[in-house]
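The values are calculated or read from the model by the stated rules, or taken from the named source; none is laboratory data. As the structure is a computational prediction, the values presented were derived from the model and not from experiment. Virtual Cβ from ideal backbone geometry, glycine too; neighbours counted across all protein chains shown. For the accessible areas, the whole protein counts, side chains as well, though only heavy atoms, and no ligand, DNA or RNA atoms are used. Shrake-Rupley method; radii C 1.70, N 1.55, O 1.52, S 1.80 Å.
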There are 2 protein chains.
Amino acid sequence: MQKITDPAKDFPQWYLDVIDAAGLADHAPVKGCIVFKPYGYALWEAVQRDLDARIKSLGVQNAYFPLLIPESILQREKDHIKGFAPECAVVTHGGGKELAEKLYVRPTSESIIYTMFAKWVQSHRDLPLKLNQWANVVRWEMRTRPFLRTLEFLWQEGHTCHATKEDADRMVTDALQMYVDCDRELLAIPVLTGRKPEHEKFAGALYTLSTEALAKDGKAIQAGTSHNLGQGFSEAYDVSYLDTEGKAQRPWMTSWGLSTRIIGTLIVTHGDAKGLRLPPRIAPIQVVIIPIYKSGPEQEQVLAACRKLKDSFTGIRVHLDDRDEKSPGFKFNEWEVKGVPLRIELGPKDLAKNQAMLARRDTGAKEALPLEALTPAHLQTLLEEIQSSMLAQAQQHMDLHTHHVSTYADLKKHIEGEGGLVWAPWDGELATAQKVQEETKASIRLLGEEPPEAGAMDAVSGKPAKYMAVYAKAY
Amino acid sequence: MQKITDPAKDFPQWYLDVIDAAGLADHAPVKGCIVFKPYGYALWEAVQRDLDARIKSLGVQNAYFPLLIPESILQREKDHIKGFAPECAVVTHGGGKELAEKLYVRPTSESIIYTMFAKWVQSHRDLPLKLNQWANVVRWEMRTRPFLRTLEFLWQEGHTCHATKEDADRMVTDALQMYVDCDRELLAIPVLTGRKPEHEKFAGALYTLSTEALAKDGKAIQAGTSHNLGQGFSEAYDVSYLDTEGKAQRPWMTSWGLSTRIIGTLIVTHGDAKGLRLPPRIAPIQVVIIPIYKSGPEQEQVLAACRKLKDSFTGIRVHLDDRDEKSPGFKFNEWEVKGVPLRIELGPKDLAKNQAMLARRDTGAKEALPLEALTPAHLQTLLEEIQSSMLAQAQQHMDLHTHHVSTYADLKKHIEGEGGLVWAPWDGELATAQKVQEETKASIRLLGEEPPEAGAMDAVSGKPAKYMAVYAKAY
């Protein structure tokens with residue numbers, strides 16, 4: 001088994017090592033693309049199952065829109081095309097011929113979806129129209145990293161159309177809350193939420209709300225965003241409806257998405273020097289049973305006891321690692337790297353005492369338990385405890401690395417030290433944010449809901465502050 | 001509501017009308033691409049749920065491979081590139097620059113997947129390797145039709161790697177049987193199975209097995225295929241493993257797929273003059289409740305009774321159509337077009353008699369039932385009865401339109417008459433199959449497992465027959 005770099009020494013290399021050693025992904029022939037191996041894809045399937053139910057419970061229906069978008073359609077919203085065109089993959093030939101019009105591989109689907117909305121939305125009775133799609137998108141990124149930033153990634157993108165700004169605002173907030181809930185409840189990832197500053201909002205949006213998690217290396221990382229697109233896209237794609245009085249009105253659009261980047265977020269939030277740590281609710285394998293035996297009569301006894309245990313674990317995702325060619329030590333290591341929350345070890349000595357050893361991946365704690373105590377109910381309780389404990393650990397990490405400063409010196413001290421999320425008063429000027437970014441590589445991740453205290457001055461420029469901003473280095 | 005063309009007069013137009021009127025799909029800006037509207041996508045989601053469980057029960061794991069395939073990789077298997085290159089979409093620009101190497105949007109993923117297999121498969125212990133992906137693919141088709149033939153479609157593609165031909169044969173057969181079961185059990189579509197003739201097999205395969213359904217217009221339509229790829233792809237992509245004796249061996253590959261074409265198959269198998277008919281197991285809405293009232297005090301009484309009924313239908317996908325602005329007649333028609341298996345009508349007269357009207361979409365039969373008899377258990381029984389009855393109807397249609405001929409005159413008579421599946425002895429010559437195709441537009445869909453009777457002569461050429469072949473016009 002491959003050695004995993006010490007995360008304290010080289011976090012980026014640790015990240016790559018974990019992905020490789022845990023069998024999550026592999027590099028594809030096209031630079032910047034990855035292959036999702038089964039263990040990595042199973043994490044995405046778990047996110048899909050969880051989030052799909054949440055999306056549907058918001059009254060949103062799934063649909064599917066085409067991969068290829070004609071250039072003329074992508075160009076209709078000017079800010080949007082400016083933001084996305086430089087990172088598009090372009091199809092110029094199809095069926096052996098050069099195409100009359102270039103087709104863009106979707107980098108996001110506002111343009112194609114709102115082209116259809118223009119056709120479908122006619123009356124106030126057609127609103128709200130709330131659709132979602134699970135799809136692949138391509139953005140030509142230069143510096144890529146598996147899951148966190150790849151040329152192609154998988155995501156869901158919700159797109160809705162509303163009669164009023166208030167309705168659209170509510171949708172944007174509901175979608176953001178859905179991400180917060182999924183992040184916390186499924187992935188045990190606490191997140192900060194807020195509005196993006198103008199210069200960081202989605203290309204073409206009125207405003208963008210975002211969730212930010214905090215990686216173990218002190219960098220912020222986005223975990224779901226939600227945009228109120230205002231009426232700009234309605235205008236650009238000529239979507240209108242007749243209100244109850246028969247007057248033509250422009251509807252309000254929203255879009256919101258969460259991508260396979262969340263798998264990277266999961267790794268950098270929970271991983272440790274031994275590899276991946278998976279919260280039980282998302283773990284493809286929640287409990288692994290490892291038989292310990294020497295060849296001979298004890299082998300079948302031990303294996304039989306392990307099989308019996310496994311068969312008794314109704315409702316739990318359990319795996320019995322009965323590979324004969326691998327040693328127990330190899331297996332311990334492998335399943336630790338893969339982040340399986342609970343390990344049960346069973347050898348002839350345990351069997352003689354009618355017990356098994358139970359090891360927790362989150363704390364490393366080991367205890368002997370009588371076999372009759374190893375019930376599905378006990379394991380479920382333990383798995384829920386691990387789930388809560390991992391959320392608490394991550395929350396503690398975030399709390400410990402959240403700072404409030406009023407001077408640039410303090411801002412720099414934190415950013416250049418252990419990183420983390422640093423709140424500071426901001427004057428709302430792009431120039432100020434840019435100066436900080438150039439000098440410290442930290443950007444404004446979110447703006448606080450509360451205004452700065454009366455008389456507060458920008459920590460950097462010394463001018464009157466307009467917002468409380470969270471600065472952080474970010475993925 | 002739009003009028004649906006009489007299928008007896010113009011089946012292709014009826015097909016388009018049903019898709020439009022039932023709200024299954026819409027045309028996308030790129031010619032030949034469609035948008036899956038929510039009701040159409042829900043059908044695909046049901047297929048995914050059903051088939052994904054079957055795939056996993058065969059020990060196959062889901063993974064995900066990139067959309068974009070470098071030209072050099074697609075070219076390695078010569079028959080494969082010859083078959084697919086002419087229908088590929090080609091990305092020549094990315095990130096604002098012309099690419100050094102063209103990238104093909106995957107038309108199918110053998111080439112990229114086996115490139116990865118070459119890296120992952122080293123020892124006999126790595127076999128069998130059985131992966132599946134749910135993905136979109138693009139093929140530049142000239143004559144397109146929603147669901148049945150589109151530029152982009154959605155599918156699952158299974159790809160497996162085995163130590164022996166016997167293992168690969170078994171996988172190919174198991175995958176085919178899985179499609180047969182899904183077609184019959186979920187979609188109520190009976191299918192014929194068999195091997196494709198050499199000239200119709202998958203580009204690069206050793207042999208192809210296929211399932212063929214029979215549309216109501218007498219045309220055959222593929223509903224899942226499974227290929228034994230032999231060792232050709234192992235050779236081309238340099239996949240090898242060390243056997244138990246440490247000798248390098250070429251593994252055997254299989255691939256198998258089912259696509260959103262199945263939604264088209266569903267429509268042409270079960271639809272009728274009134275529109276779609278959905279088998280209950282796949283129907284997004286199994287029971288629709290339609291309140292009948294005039295404005296006034298009866299309105300709330302009727303609606304309350306309908307809501308009570310709806311809430312009592314545990315475990316059933318039920319919808320209460322309480323739109324006030326549409327008449328009951330409009331609603332009857334709309335839900336018939338959408339193929340909902342059961343309709344419940346409830347008006348003040350019914351309420352006075354403590355009953356409701358129950359209408360079956362499959363037979364059109366209507367009966368009055370006491371409200372207390374409208375239990376979830378009764379509805380479930382009825383839904384299962386409808387499911388079986390639709391399969392039986394489709395099977396009867398197939399039986400009635402399956403013929404056995406020994407002369408070309410009889411073959412032509414059937415093909416040029418009502419169509420259907422026509423069994424005839426075949427000499428195994430491509431020229432013979434081509435002559436029939438040119439003169440009648442019928443192709444050989446499948447070969448029978450049993451050889452022809454001793455001394456049987458080809459129905460067309462008069463030469464000794466090698467196979468029993470099924471001729472049909474096909475989608």
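Taken over segment B:139-155, the residue count meeting the criterion of being assigned to a strand (DSSP E or B) and farther than 19 Å from A:V35 by Cα is 4.
Taking B:A472 as the residue in question, decide whether it is buried (at least 16 other Cβ atoms within 10 Å of the Cβ), touching a Ser or Thr at 6+ places or on another chain (Cβ under 8 Å) and of a type in the set (A, V, I, L, M). Taking the combined requirement at face value, the residue satisfies it.
Among the residues of segment A:336-350, those identified as open to solvent by less than 50 Å² (accessible area, probe 1.4 Å) and out of contact with any Asp or Glu (no Cβ under 7 Å at 6 or more places or on another chain) are A:E336, A:V337, A:K338, A:G339, A:V340, A:L342, A:R343, A:I344, A:E345, A:L346, A:G347, A:D350.
Only one residue in B:R323, B:R261 is buried (at least 18 other Cβ atoms within 10 Å of the Cβ) and under 34 Å from the mean Cα position of the chain (by Cα). Which one? Only one candidate qualifies: B:R261. B:E325 meets each of the listed conditions (1) in contact (Cβ under 8 Å) with a residue 60 or more places away in the chain; (2) within 14 Å of chain A (Cβ to nearest Cβ) apart from (1).
Kindly provide the set of residues from segment B:440-452 that are in contact (Cβ under 8 Å) with a residue 24 or more places away in the chain and either open to solvent by 90 Å² or more (accessible area, probe 1.4 Å) or among the basic types (K, R) (or both), ordered by number. Result: B:K441, B:R445, B:E449. Where strands (runs of 3 or more DSSP E) sit wholly within segment B:303-374, those with at least 2 residues that are of a type outside the set (A, V, I, L, M) occupy B:342-346, B:355-360, B:366-370. The residue pairs whose first member lies in segment B:164-187 and is of a type in the set (K, R), whose second member is open to solvent by less than 50 Å² (accessible area, probe 1.4 Å) and modelled with pLDDT of 95 or more, and whose beta carbons are closer than 9 Å, counting only pairs six or more residues apart or on different chains, are B:K165/B:N228; B:K165/B:G230; B:K165/B:W252; B:R170/B:H162; B:R184/B:P190; B:R184/B:V191; B:R184/B:L391.
Considering segment A:96-132 alone, what residues qualify as being within 16 Å of A:M253 (Cβ to Cβ) and within 9 Å of chain B (Cβ to nearest Cβ)? Once the filter is applied, which keeps residues that are within 16 Å of A:M253 (Cβ to Cβ) and within 9 Å of chain B (Cβ to nearest Cβ), segment A:96-132 yields A:I112, A:I113, A:T115, A:M116, A:K119, A:W120, A:L131.
Looking across A:V47, A:V60, one residue alone is at pLDDT 95 or above, open to solvent by less than 10 Å² (accessible area, probe 1.4 Å) and more than 10 Å from every other protein chain (Cβ to nearest Cβ). It is A:V47. Going residue by residue through segment A:70-80, is there one that turns out to be over 19 Å from B:A135 (Cβ atoms), within 8 Å of chain B (Cβ to nearest Cβ), hydrophobic (A, V, I, L, M, F, W, C) and within 28 Å of the chain's Cα centre (by Cα)? No, segment A:70-80 has no match at all. Does B:G329 fit the bill of being at pLDDT 95 or above and within 20 Å of B:A368 (Cβ to Cβ)? Judged against the criteria, B:G329 is a match. Contact map, segment B:356-385: residues that are within 20 Å of B:K308 (Cβ to Cβ) paired with residues that are assigned to a loop (DSSP other than H, G, I, E, B) and aromatic (F, W, Y), Cβ distance under 8 Å, separation 6+ or inter-chain. Pairs shown: B:P376/B:F313; B:L379/B:F313.
For the residues B:R281, B:R277, the requirement of being within 30 Å of B:L192 (Cα to Cα), in a loop (DSSP other than H, G, I, E, B) and open to solvent by 50 Å² or more (accessible area, probe 1.4 Å) singles out B:R281. Looking only at segment B:157-164, decide whether some residue is open to solvent by 10 Å² or more (accessible area, probe 1.4 Å) and under 27 Å from B:I81 (Cα atoms). Yes, that holds for at least one residue.
Among the residues of segment B:1-38, those that are charged (D, E, K, R), assigned to a loop (DSSP other than H, G, I, E, B) and over 16 Å from B:D272 (Cβ atoms) comprise B:K31, B:K37.
Step by step: first the residues of segment A:237-258, then only those that are surrounded by fewer than 24 Cβ atoms within 10 Å (Cβ to Cβ) and among the small types (G, A, S), then the one that is farthest from A:Y475 (Cα to Cα). Which residue is that? Only one residue tops the list, namely A:G246.
Could you check, for segment A:84-95, whether at least one of its residues is more than 9 Å from chain B (Cβ to nearest Cβ) and either buried (at least 19 other Cβ atoms within 10 Å of the Cβ) or among the aliphatic types (A, V, I, L, M) (or both)? Looking through segment A:84-95, at least one residue is more than 9 Å from chain B (Cβ to nearest Cβ) and either buried (at least 19 other Cβ atoms within 10 Å of the Cβ) or among the aliphatic types (A, V, I, L, M) (or both). Pairing residues of segment A:408-425 that are at pLDDT 95 or above with residues that are part of a helix (DSSP H, G or I) and not hydroxyl-bearing (S, T, Y), at Cβ distances under 7 Å and at least 6 apart in sequence or on separate chains, gives A:G420/A:H414; A:V422/A:L411; A:V422/A:H414; A:V422/A:I415; A:A424/A:L411.
Scanning segment B:1-44 for residues that are open to solvent by 30 Å² or more (accessible area, probe 1.4 Å), modelled with pLDDT under 95 and within 12 Å of chain A (Cβ to nearest Cβ) gives B:P29, B:K31. Considering A:A203, A:A188, A:A213, A:A223, the condition of being open to solvent by less than 10 Å² (accessible area, probe 1.4 Å), in the same structural domain as A:W44 (by TED's automatic domain parsing) and in a loop (DSSP other than H, G, I, E, B) is satisfied by A:A188 alone.
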